[in-house]
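Chemist: Right, I'll just put the structure down here and ask away after.
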Amino acid sequence: MPSSNVLVPDKSKIGGGLKFVPRCYFDEDGIRQEQLSLYRPGYLHPVAVTDIIRPDISTPASRSQDAPSGYRILHKLGVGGEATVWLAQELDHLDRVVSLKIFSGHCSAAGEREARALKACMASPTTASSQNVLSLLDDFTISGPNGTHKVLVTEVVMPLTDLSRLLSASSKKELVRGLARGLAHVHHRGYAHGDIHDGNVGCAMPPRFAQEMIADMISLLSCYDVTMVIPNNPVLHSSSLPPYLLSPCELLLAYETYGGLKAPQEARLYDFGNSRRMGEEDGTDDVRWAWPPPEAAFAYHGCDGLEVLPTMAGDIWSLGALIVRLFTGQWILHDTSSACLLEQAKLDGVIPAAWRHYWDTVAYLRDRTAQVTPENADVEWSTRRDYFMQKNPNVDRAEVDLLISLLRRMLSADPQSRPSADEVLTHPWFADALAEAAQHDDLCPTVGPSLEPGERSASVMHTTYRDHNSQRVSNVVIV
């Protein structure tokens with residue numbers, strides 16, 4: 001269809017590109033493709049299939065001399081608010097396929113944070129839990145018509161959002177255990193992930209994916225679904241624009257074909273653009289929450305828009321919300337307004353003391369105070385338990401009861417009441433998985449991941465609140 005809602009261009013040139021995107025003959029697919037308006041100076045780098053991506057000559061000398069000279073784009077894997085992600089092959093080893101994440105120019109800080117966290121959590125043969133964190137293979141910068149962009153090269157991962165509906169309850173439990181192990185490793189390395197949700201976790205591709213001929217593998221990824229980028233006025237064509245917008249490939253078919261559903265699910269925790277190293281000050285101007293934990297929601301709604309830095313305790317809450325989503329398809333909280341505080345308080349059965357003053361000033365919350373009781377919380381969780389069993393009929397009631405007892409701790413509004421990642425792993429719900437791990441990994445079933453030199457205990461963290469001008473307001477210790 002002819003485009004009618006794309007920004008009218010400003011003819012002033014910036015770095016060889018238009019400041020705004022011209023009207024084009026076709027609209028992008030609003031669900032599967034990124035907005036064309038993101039292709040302008042300071043934002044997304046234009047990419048096309050068969051493009052060769054090479055590091056800038058200014059890339060630091062710390063990059064390994066054995067790193068590939070470049071990568072050829074084969075297909076698109078995904079797109080988000082910060083980056084586009086591509087399937088690519090190494091130029092020096094054409095049988096190797098990797099994932100290239102090319103950050104938007106305005107998200108360079110997120111790219112640097114992600115690279116820093118992944119390097120700190122690098123897989124180690126002596127720490128099994130490190131295998132559950134995405135493997136960083138290479139990182140560098142590139143320059144283009146829209147500016148300078150951070151590029152991360154990693155293993156290819158099957159996103160959970162596409163996979164979860166096909167997993168059995170036992171496979172989901174195995175996946176959760178892997179994610180908890182990975183998170184424990186991240187915490188021991190001194191980092192909070194900061195944005196755990198179903199779009200930022202997944203499973204490793206089966207071994208055959210890397211062993212098959214690339215031509216055979218590509219044939220499973222679906223045809224190239226494109227929207228051509230043709231400005232109405234040819235004079236306004238710009239190097240800032242890609243030749244077309246490409247929908248992500250069907251990676252799930254390759255995952256199934258190469259036996260991914262028949263093998264144990266190897267969990268991967270990825271997308272560390274929101275991560276923070278505990279104890280290091282960092283601004284909150286680019287903190288992005290998909291599922292903000294209660295303390296972040298309260299800071300925003302109850303403290304005039306204050307932002308909260310990611311914490312380890314926040315990661316635990318988000319992992320609990322992910323478990324609920326994975327097993328039931330439900331969101332743990334449904335409202336993004338201040339009403340979400342009521343939903344959380346009803347789960348706890350008590351209004352947190354820190355919320356009380358704000359609570360009493362908001363009529364919607366104040367008028368519903370009587371709904372927040374321990375008895376009503378028990379009823380709410382009983383209803384959720386019944387729904388768990390309805391959605392997972394092959395799981396017995398005793399196991400669901402154990403999971404509910406774990407979730408009630410993980411999803412507490414009080415960060416101090418939540419378990420650490422190590423404590424999550426030692427919960428009785430994981431008893432069978434821990435026994436299996438002891439046989440295969442020689443791990444003790446009664447303790448969490450062991451600490452390596454340089455790692456730290458993941459029991460104490462700080463939550464820093466700031467206002468929109470990034471002025472420090474308070475620093476609260478959270479256990």
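Chemist: Output the relative contact order of region 222-329, whole-number percent, from Cα pairs under 8 angstrom with separation of 6+ residues.
Modeler: It rounds to 17 percent for region 222-329.
Chemist: Checking the a/c ratio against 1.5 first, then a/b against b/c, what shape does the Cα gyration tensor give for region 140-287?
Modeler: Judged from the Cα gyration tensor, region 140-287 comes out oblate (a/c at least 1.5, b/c at or above a/b).
Chemist: Check His75: other-chain or 5+ apart residues with amide H under 5 Å from its amide H, H built from backbone geometry?
Modeler: Leu87
Chemist: Here is a further query. So what are the ³J(HN,Hα) numbers for region 134-145, from phi and the Karplus equation (6.51, -1.76, 1.60; θ = phi - 60°), rounded to whole Hz, Gly and Pro as x?
Modeler: Once rounded to whole Hz, the list reads 3, 8, 8, 9, 6, 8, 6, 10, 10, 10, x, x.
Chemist: Another question, then. My understanding is that a pair violates if its Cα-Cα distance is over 18 Å; which of Lys119/Lys150; Lys76/Lys172; Lys76/Lys173 do that in this structure?
Modeler: Where the Cα-Cα span goes over 18 Å, the pairs concerned are Lys76/Lys172; Lys76/Lys173.
Chemist: Taking neighbour Cβ counts within 10 Å as the exposure measure, how do Lys346, Lys119 sort from fewest upward?
Modeler: By the 10 Å Cβ count, ascending, the order reads Lys119, Lys346.
Chemist: Here's a follow-up. Take each of the peptides 287-298, 46-57, 257-268, 21-32, average the number of other beta-carbon atoms within 10 Å over its residues, and list them starting from the highest.
Modeler: Descending mean neighbour count gives 287-298, 257-268, 21-32, 46-57.
Chemist: How would you classify region 249-406 from its alpha-carbon gyration tensor, with a ≥ b ≥ c the square roots of the eigenvalues: rounded for a/c under 1.5, else prolate if a/b is greater than b/c, otherwise oblate?
Modeler: Since a/c reaches 1.5 but b/c is at least a/b, the shape of region 249-406 is classed as oblate.
Chemist: Do you know the relative contact order of region 277-340, to the nearest whole percent, from alpha carbon pairs under 8 angstrom that are 6+ apart?
Modeler: Contact order relative to length: 29 percent.
Chemist: With the contact rule set at Cα under 8 Å and sequence spacing of 6 or more, what percent relative contact order holds for region 28-91?
Modeler: Rounded, it is 28 percent for region 28-91.
Chemist: What's the exposure ranking of Trp429, Trp381, Trp86, going from fewest to most Cβ atoms within 10 Å?
Modeler: Trp381, Trp429, Trp86
Chemist: Test of understanding: ordering Val201, Val372 by Cβ neighbours within 10 Å, fewest first, what list do you get?
Modeler: Val372, Val201
Chemist: Still on this model: Listed highest first by mean packing, meaning other Cβ atoms within 10 Å per residue, what order do 416-422, 188-194 come in?
Modeler: So the peptides 416-422, 188-194, ranked by packing, come out 188-194, 416-422.
Chemist: Right, another one. Let me make sure I get this right: for region 210-325, a, b and c are the square roots of the gyration tensor eigenvalues over alpha carbons, sorted descending. Under 1.5 in a/c it's rounded, otherwise prolate if a/b > b/c, else oblate. Which is it?
Modeler: Oblate shape, in that a/c is at least 1.5 and b/c is the bigger or equal ratio.
Read-outs throughout are calculated quantities, based only on the coordinates presented, and are distinct from any laboratory measurement. Keep in mind that this is a model prediction, so the values were computed, not measured. Methodologically, a virtual Cβ is constructed for each residue, glycine included, from the backbone with ideal geometry; neighbour enumeration extends over all protein chains shown.
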